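The values are calculated or read from the model by the stated rules, or taken from the named source; none is laboratory data. Quick caveat, the model's predicted, so the values are computed rather than measured. Note that each Cβ is placed from the backbone with ideal geometry, even for glycine, and that neighbours are counted across all protein chains shown.
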Amino acid sequence: MELLQTAAMTTAAERLKQDADDASPTHVEALFEVTPPRAPSSRVVTFTTATTYVFNVAYGGSALPKKSGPPIGMADIHIDEFHEDLRDELYQLQTSDVEHKRRRRVRKFDHLERIDMLKRAKYHVQDIATFCMDAIDIRKSRQESLHQFRREVYQADVADDEDTPRDDEGHKADDTEDTMMNAMHELKRLRPPMFEPPCHSLQP
């Protein structure tokens with residue numbers, strides 16, 4: 001009986017010592033504060049000033065038109081800049097009116113408009129003609145790459161069709177559409193690139 005009381009007292013003393021160690025500021029777990037996770041808060045960014053940079057028109061090799069004409073872009077250095085205070089109530093009212101009236105479409109220029117813009121940008125007519133010829137070569141190269149891709153797709157479809165199991169009458173075992181019909185439709189789409197009109201109206 002005395003042994004059981006002594007063991008119980010020893011166990012209680014060890015628990016008190018362990019609790020004291022855990023509460024000590026030098027305990028490892030006491031160095032970390034456990035905080036509940038915070039709910040995500042919405043953030044609002046407000047701008048006070050808007051700066052508009054104005055560039056001259058220049059030859060832009062990366063802005064290649066889809067159909068015809070030389071590519072145009074922006075000059076390397078801006079020629080003017082404007083600063084607007086967004087905190088001005090009058091400016092905010094004006095911009096809000098403009099937003100409702102503004103058309104959400106990109107302005108596209110045709111062949112002659114692009115040539116005229118390069119002329120007004122002081123480009124020589126021979127340089128403009130070179131730009132046009134380079135654009136034609138790039139468009140042809142892209143068209144050839146597209147045709148090559150379609151040919152590879154067609155060849156892959158034919159190879160898959162040959163590996164498809166067939167029944168005794170020579171029909172496909174599955175109910176998929178005939179690959180040759182798809183190939184016929186694909187060949188109709190493989191048309192040569194359309195002839196692009198030369199860069200006329202290049203007289204200085």
Checklist entry - How about region 121-160: which of its residues are over 15 Å from H111 (Cβ atoms) and among the basic types (K, R)? => result K122, K140, R142, R150, R151
Checklist outcome for this item: Of the residues in region 103-146, those that are within 25 Å of the chain's Cα centre (by Cα) and surrounded by 15 or more Cβ atoms within 10 Å (Cβ to Cβ) come to A135, R139
Checklist entry - Taking the stated definitions as given, is D168 surrounded by fewer than 13 Cβ atoms within 10 Å (Cβ to Cβ) and at pLDDT 85 or above? => result no
Checklist outcome for this item: By residue number, the members of region 44-66 that are of a type in the set (V, I, T) and out of contact with any Phe, Trp or Tyr (no Cβ under 8 Å at 6 or more places or on another chain) are V44, V45, T46, T48, T49, V57
